[in-house]
Amino acid sequence: MGEGVAVTIAHKLHNFPVLIASKRYQWSRTQLYPYAFLAVAVFASFPTLSAQTSFPDVKDSRDVMITFQRTDPMGGRPSYKLIVSGDGLVQYDGLGNVTHTGKRTRHISEAAVSELIEEFRSAHFFDLNDYRSSETDQPARVISFQIGFRRKQIVDYGLESHAADLPDGLSSGAPESLIQLEKRIDETAGAKKWVNDSWVRRKILRKPPHRCCYIEFSQQHLIPSML
């Protein structure tokens with residue numbers, strides 16, 4: 001089919017010479033034949049490009065790098081960054097409201113990395129988009145998955161969608177599959193040993209008129225924050 005299209009283009013070029021830059025420069029149809037085939041090759045590649053949202057084929061987990069970061073501009077939640085390399089190296093950087101600030105490292109098995117990669121595949125990570133709350137100063141989670149030169153990043157900005165009695169506009173609207181993936185990254189990387197794991201629950205309270213506050217509470221902390 002590609003050669004037929006090229007022949008058609010070449011036939012039209014035979015009847016309609018193309019002027020380049022100005023009328024003084026005229027290319028012959030023989031000179032334009034290679035460009036006709038090049039144009040066909042470019043257009044033929046478009047369907048392939050549009051189909052690249054499928055999850056990449058991971059032949060070697062060592063080619064993979066996963067990053068995950070939690071941030072909170074209000075300073076009420078743990079902020080840290082994780083890097084999970086395909087060879088099992090886990091790098092942690094505690095930024096704030098964590099038990100251990102600064103950098104830490106540990107190793108996990110390649111089997112654990114492979115299982116985490118499958119979690120990304122099951123969540124259809126490369127088909128997901130950014131999810132953002134309409135409010136400002138909300139916590140965010142940023143996930144990236146890279147294999148070779150191909151990289152996908154998703155920003156999950158706002159409170160988790162499944163929080164009970166969540167006021168309008170505060171939820172990020174992220175699907176449950178992404179929320180569970182965020183948890184699996186924490187679990188696989190072993191972030192709990194570095195992050196203050198006493199932060200265990202969040203409750204939303206509504207206060208009239210049109211005001212609300214969320215309360216972070218744990219075994220040792222009770223911190224109200226006005227929104």
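The values are calculated or read from the model by the stated rules, or taken from the named source; none is laboratory data. As the structure is a computational prediction, the values presented were derived from the model and not from experiment. We place every Cβ from the backbone using ideal geometry, glycine too, and count neighbours over all the protein chains shown.
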* Asked: Hey, does the stretch 55-67 have a residue that's out of contact with any helix residue (DSSP H, G or I) (no Cβ under 9 Å at 6 or more places or on another chain) and free of Cβ contacts under 8 Å to residues at least 12 places away in the same chain?
  -> yes
* Members of the stretch 88-112 that are surrounded by 14 or more Cβ atoms within 10 Å (Cβ to Cβ), without any contact (Cβ under 8 Å) to a residue 60 or more places away in the chain and among the hydrophobic types (A, V, I, L, M, F, W, C) -> 89, 95
* If you check every pair at least six apart or on different chains, which have Cβ atoms under 6 Å apart with a residue in the stretch 180-195 that is under 15 Å from residue 67 (Cα atoms) first and a residue that is part of a helix (DSSP H, G or I) second? -> 181/119; 184/119; 188/112; 188/116
* **Number of positions in the stretch 88-125 that are touching a helix residue (DSSP H, G or I) at 6+ places or on another chain (Cβ under 8 Å) and under 21 Å from residue 156 (Cβ atoms)** => 10
* To do: Considering only the stretch 68-157, give the strands (runs of 3 or more DSSP E) lying wholly within it that have at least 3 residues that are within 19 Å of residue 181 (Cα to Cα) and of a type in the set (A, V, I, L, M).
  => 79-85, 140-147
* Filtered residues of the stretch 160-177 (kept if modelled with pLDDT of 85 or more and either touching a strand residue (DSSP E or B) at 6+ places or on another chain (Cβ under 8 Å) or not in a helix (DSSP H, G or I) (or both)) -> 172, 173, 174, 175
* Please specify each residue of the stretch 44-74 satisfying the condition of being at pLDDT below 90, of a type outside the set (Val, Ile, Thr) and surrounded by fewer than 11 Cβ atoms within 10 Å (Cβ to Cβ). => 45, 46, 47, 49, 50, 51, 52, 54
